[in-house]
Amino acid sequence: MTIFTATDKDGKSRMVGETVGVEFRKKVHSSKHFLKVPPAIAIEKTVWDSLLGEGVRIIRIKDLDKNQYWGVSYETFDNKKMLIERGGFEKQYALPLEWWEVSTSLGTVIQTAKNEKET
């Protein structure tokens, strides 16, 4: 297991995720951390750049507000990501919500992910 940290705009280090086996896991509050325009989930660029060396194949985000899980393959995220730079934050890669599969804590699928072949 590897713990990933990032520095916030106040210069404080905070945990932003961890690897468990072939998964990168991150816990967020969607109301605060999901991008509004475009609707997307972002991962710090410095963290993303380290994931390949960790053997990560799946990205799993737990939304603490709705108790939902958002998942996507490493490959899809890597192929469809966009670089964003928001004032006061480090560079991030964002993936629009349409590319994520959403499920409940019990595993019931709420939203299926857009198929890469549809692009």
Quiz item: Which of 26/81; 12/36; 12/45; 45/66 have a Cα-Cα distance over 21 Å?
Solution: 12/36; 45/66
Practice problem: Report, as a whole number in µm² per second, the diffusion coefficient that Stokes-Einstein gives for region 16-72 at 20 °C and 1.002 mPa s using the Kirkwood radius over alpha carbon pairs. | Solution: 182 µm²/s
Self-check item: Linear extension gain, residue 115 paired with residue 52, 0.36 nm per residue minus alpha-carbon span
Solution: 20.4 nm
Practice problem: Using the number of other C-beta atoms within 10 angstrom as an exposure proxy, rank 35, 83 with the fewest first. | Solution: 83, 35
Self-check item: Cβ charges +1 (Lys, Arg) and -1 (Asp, Glu), total dipole of region 2-118, debye
Solution: 280 debye
Quiz item: Top mean-square fluctuation among 12, 62, 81, Gaussian network model of the chain, C-alpha springs under 10 Å?
Solution: 12
Self-check item: Loop-located GluC sites (Glu not before Pro) in region 80-116 whose Cβ has at most 14 other Cβ within 10 Å (DSSP)
Solution: 85, 90
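Quick check on the chain: helices-only [θ] at 222 nm, where DSSP H runs of length 4 and up contribute -39,500 (n - 2.57) each and the sum goes over total residues. Nearest 500, please.
Roughly -3500 deg cm²/dmol at 222 nm, from the helical runs in the chain.
At a 10 Å Cβ-Cβ cut-off, how would you order 58, 3, fewest neighbours first?
3, 58
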Quiz item: Which of 19, 76, 104 moves most in a GNM of the chain, Cα contacts under 10 Å?
Solution: 104
Practice problem: Please report 57, 25, 14 as a ranked list, fewest other C-beta atoms within 10 angstrom at the top and most at the bottom. | Solution: 14, 57, 25
Quiz item: Based on the inverse mean of 1/r over its pairs of different Cα atoms, what is the Kirkwood hydrodynamic radius of region 2-118, in Å?
Solution: 14.5 Å
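Here, each number is a calculation from the coordinates, and none is a lab measurement. These numbers come from a predicted model, not from an experiment. Reconstructed Cβ throughout: ideal geometry from the backbone, glycine too, with neighbour counts over all protein chains shown.
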